[in-house]
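Data block below; observations after.
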Amino acid sequence: MFTANEAMITTDPVPRLSQNGVMVRVLRTDRLDEVVSGNKWFKLRFYLDEAISAGKRRIVTFGGAYSNHIVATASVCNRLGLESAGIIRGEEPESYSHTLTDARSLGMKLYFLSRTNYKSHLVPPSLLGPENYFIPEGGYGHTGALGAATIPFDKITFDTVCCAVGTGTMMAGLITASGTSPRICGVSVMKNNFGLEEAVRKLLKDTNQEVNIHHAFHFGGYAKKNDELIRFMNELFAETGIPTDFVYTAKLFYGVNALIRRGYFKPGSNLLVIHSGGLQGNRSLRKGTLIF
Ligand SMILES: *Cc1c(COP(=O)(O)O)cnc(C)c1O
């Protein structure tokens, strides 16, 4: 049986970012597990409970070739004794990414769909039987958000919690968990994805709650990067020992740092930055790019 050891999650100071009267701490959910790291366990947990109690034999989910969600699902299913199938966006590559190689060796059966077929959710007929339980791409949905609402953090000490936003499931969970305080401040990792606020709001019970997402820290778009971002990741690690991934958490930390420097947060603010994991994604970078 797989249970995540939440005692591994620590709340550590980040002196490098603490300036202009703003105190910053980081919630290291990346420490939860090597593969099922960070927010992915929390987003998956209630889907898995539901699948198991419904007697399903196989989990089917969707993602790209570098998806943290795909490899996390493969790993957790492997440990729970469930079969898993990953429907992967794009034609089967000649050489697999680390992510896909890992997912396959964890027992996940991979199905490659052209981008058009992927978009129209064309599921292979062999996965359409009643033994299959479907989890949406990225774990997006109410069940995923309810899971993310169980990410354990101190709701008294902090007035603001900052998180990366992909599908918005984690952010919706954090908003649900905190009510009106702390405020949740999201940093989108995509370019001009202005539908995100609505995607988050759809997962909230109280749709009047504030959804605050910053769109200026995408570095060109999803999984895009430049030398400045890589330099920032290396500096942050050198000065604080915090490793980040270039797809999500580096953009989050970069954005939070920029907002603090320009005085966006009131002096005296206590910020918690959610380290949501995803470090496996850095393996797609050229060796030597990062100092960690
Ligand atoms: C998947 C992921 C996210 C995005 O979470 P959403 O719930 O899709 O917004 C953020 N950080 C990391 C490290 C992730 O792997």
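The values are calculated or read from the model by the stated rules, or taken from the named source; none is laboratory data. These figures come from a predicted structure and were not determined experimentally. Please note: Cβ atoms are built from the backbone with ideal geometry, for glycine as well, and neighbour counts cover all protein chains shown. Ligands, DNA and RNA are stripped out before the accessible areas are found, and what is left, the full protein with its side chains, is counted by its heavy atoms. Shrake-Rupley method; radii C 1.70, N 1.55, O 1.52, S 1.80 Å.
A few remarks follow.
- Accessible surface for the chain, divided over its residues, is 45 Å² per residue with a 1.4 Å probe.
- Sum of side-chain charges, D12 neighbourhood, beta-carbon under 11 Å (Lys, Arg +1; Asp, Glu -1): +3
- Sparse-neighbour loop sites [GluC sites (Glu not before Pro); region 192-271; at most 14 other C-beta within 10 Å; DSSP]: E210
- Within straight-line cross-link reach of K224, aspartates and glutamates at Cα separation under 18 Å, skipping those fewer than 8 residues along the same chain: D245
- Basic side chains Lys and Arg get +1 at the Cβ, acidic Asp and Glu get -1 at the Cβ, and with that the dipole of the chain about its Cα centre reaches some 320 debye.
- Charge tally for N208 (other residues, Cβ to Cβ under 15 Å; Lys, Arg +1; Asp, Glu -1): 0.
- Under 19 Å from K109, Cα to Cα: lysines that are on another chain or at least 8 residues apart: K56
- Cα shape, region 109-149, gyration tensor, a/c 1.5 rule: oblate
- If you take all other residues with their beta carbon under 13 Å from the beta carbon of K56, and give Lys and Arg +1 and Asp and Glu -1, the sum is -2.
- Hits among lysines - C-alpha to C-alpha of K202 under 26 Å, sequence gap 8 or more where chains match: K40, K43, K119, K155, K191, K251
- Size of region 20-75 from its Cα atoms: along the principal axes, largest to smallest, the extents are 53, 27, 17 Å.
- Nitroxide proxy distance, nm - points 7 Å out along Cα→Cβ at D12 and F237: 1.3 nm
- By DSSP, the beta bridges lying fully in the chain are antiparallel in about 10 percent of cases.
- Note on the chain: semi-axes of the ellipsoid equivalent to its C-alpha gyration tensor, largest first and rounded to whole Å, are 31, 21, 18.
- Translational diffusion of region 49-110, µm² s⁻¹ [Kirkwood Rh, Cα pairs; Stokes-Einstein; 37 °C; 0.692 mPa s]: 282 µm²/s
- Here region 119-181 exposes an accessible surface that is 66 percent carbon and sulfur, computed with a 1.4 Å probe and the other protein chains kept in place.
- Ranked packing of 109-122, 28-41, 260-273, most packed first, by mean Cβ within 10 Å: 28-41, 260-273, 109-122
- If both residues of a DSSP beta bridge must be in region 1-127, then about 20% of such bridges are antiparallel.
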